[in-house]
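The values are calculated or read from the model by the stated rules, or taken from the named source; none is laboratory data. Since the model is a prediction, treat every value here as computed from it, not as a measurement. Glycine also receives a Cβ, built like all others from the backbone with ideal geometry; neighbour counts cover every protein chain displayed. Accessible surface is based on the protein model in full, side chains and every heavy atom, while ligands, DNA and RNA are left aside. Shrake-Rupley method; radii C 1.70, N 1.55, O 1.52, S 1.80 Å.
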Amino acid sequence: AQTVTQSQPEMSVQEAETVTLSCTYDTSESDYYLFWYKQPPSRQMILVIRQEAYKQQNATENRFSVNFQKAAKSFSLKISDSQLGDAAMYFCASASPTGNQFYFGTGTSLTVIP
Amino acid sequence: DTGVSQDPRHKITKRGQNVTFRCDPISEHNRLYWYRQTLGQGPEFLTYFQNEAQLEKSRLLSDRFSAERPKGSFSTLEIQRTEQGDSAMYLCASSYGRGLAGADTQYFGPGTRLTVL
């Protein structure tokens with residue numbers, strides 16, 4: 001079984017500043033996938049960024065990047081130049097390669113202060 | 001691409017009643033997932049279909065829960081003899097992939113919020 005832990009229930013950031021959301025995971029799988037999903041208030045969950053465990057290079061999507069530390073089983077999300085639209089609940093998740101096991105953390109609620 | 005849709009969006013029922021939810025995935029998506037999300041928690045994986053085949057069921061999916069995906073299109077999740085502990089948001093997601101499903105981007109629906117009185 002896999003577990004995903006998000007130790008920051010709430011975070012806040014000033015608009016245009018940078019914020020980092022933390023995530024640790026535990027798995028016995030040798031290969032797996034890691035994700036950050038965003039769930040805006042009363043809106044559908046959408047994928048922010050994905051990392052394949054066998055790739056050492058950290059994934060980047062525009063203002064979003066990850067710091068993937070495989071040995072430490074850490075997968076943090078950095079949001080640069082924060083915007084008001086970034087305010088949401090952010091979930092870290094892991095998946096087994098076959099997709100038959102998918103685990104989410106408890107989420108971090110991000111507030112962006114104008 | 002109209003996105004993943006779920007029906008109903010809200011359901012209030014009395015304990016002991018049966019309820020059924022429907023999920024319509026994005027057309028051409030061959031994989032479909034059901035999750036349950038309770039307040040303050042992340043989604044919990046319930047079950048996964050590839051086309052019409054149910055490939056995985058979580059231990060969270062007790063005998064009172066059943067899911068189907070006839071013809072590999074829409075899916076239904078039925079809960080029999082509902083209990084107050086079943087109150088939650090039920091999320092559906094779909095994806096398209098030919099390789100390992102774990103790599104897929106899942107597209108989520110808006111969810112069905114179930115309240116059991």
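Would you mind counting up the charge near B:G97? Only other residues with Cβ under 9 Å from its Cβ, with Lys and Arg at +1 and Asp and Glu at -1.
Result for the neighbourhood of B:G97: +1.
Across peptide A:89-99, what mean number of C-beta atoms from other chains lies inside 10 Å of a residue's C-beta?
Other-chain Cβ atoms within 10 Å of each residue's Cβ, averaged: 5.
So, by mean Cβ neighbours within 10 angstrom, what's the order for B:87-95, B:108-116, A:3-11 with the highest one leading?
Details: B:87-95: 22.7, B:108-116: 19.6, A:3-11: 14.6.
The densest-packed peptide leads the list: B:87-95, B:108-116, A:3-11.
Could you state the number of Å between the C-alpha centres of the range A:34-81 and the range B:30-72?
After rounding, the separation between the Cα centres reads 24 Å.
Computed over the Cα atoms of chain B, what is the ratio Rg over Rh, Rh following Kirkwood? Numbers along the way, then the final one.
Values: Rg = 13.5 Å, Rh = 14.2 Å.
Here the Rg-to-Rh quotient is 0.95.
Go from 0 up to the bin containing the longest alpha carbon distance in the range B:30-83, width 5 Å each, and give me the % of pairs per bin.
Here the calculated profile for the range B:30-83 is 5, 20, 28, 25, 16, 6, 1.
Would you mind working out the accessible area per residue for the range B:30-117, using a 1.4 Å probe, and quoting it in Å²?
Per residue, the range B:30-117 has 44 Å² of solvent-accessible surface.
Let me see the pair-distance distribution of chain A: every alpha carbon pair, 5 Å bin width, integer percents in order.
Final binned percentages: 2, 13, 24, 26, 19, 10, 5, 2, 0.
Could you give the longest part of chain B that holds none of the GluC sites (Glu not before Pro) found in DSSP loops with at most 13 neighbouring Cβ atoms within 10 Å?
With a cap of 13 other Cβ atoms within 10 Å, the longest stretch comes to B:29-82.
In nm, what is the difference between 0.36 nm times the number of residues separating A:R43 and A:T18 and their Cα-Cα distance?
6.6 nm
With Rg and the Kirkwood Rh both taken from Cα atoms, where does Rg over Rh land for the protein assembly as shown? Let's see the in-between values first.
On the way: Rg = 17.6 Å, Rh = 18.1 Å.
A ratio of 0.97.
Using a Debye calculation, one point per C-alpha and no hydration shell, please list log10 I(q)/I(0) for the range A:64-114 at q = 0.16 Å⁻¹ in order.
At q = 0.16 Å⁻¹ the computed log10 ratios are -0.60.
Give me the base-10 log of I(q)/I(0) for the range B:66-108 at each q in 0.24 Å⁻¹, Debye formula, one uniform scatterer per Cα, rounded to two decimals.
-0.98
Over the whole of A:42-55, what's the average partner chain Cβ count within 10 Å per residue? Rounded to a whole number, please.
Average neighbour count from other chains, rounded to a whole number: 3.
On full extension of the chain, what length is gained from B:T13 through B:L117, given 0.36 nm per residue of separation minus the C-alpha to C-alpha distance?
Here the answer is 36.8 nm.
Apply 1/(1 + (r/R0)^6) to the Cβ-Cβ distance of B:F74 and B:L39, taking R0 = 25 Å, and write down the FRET efficiency to the nearest 0.05.
For B:F74 and B:L39, the calculated efficiency is 0.35.
For a quick check of understanding: with a 1.4 angstrom probe and all protein chains in place, what accessible area in square angstrom does B:R31 have, to the nearest ten?
Surface open to solvent at B:R31 totals about 10 Å².
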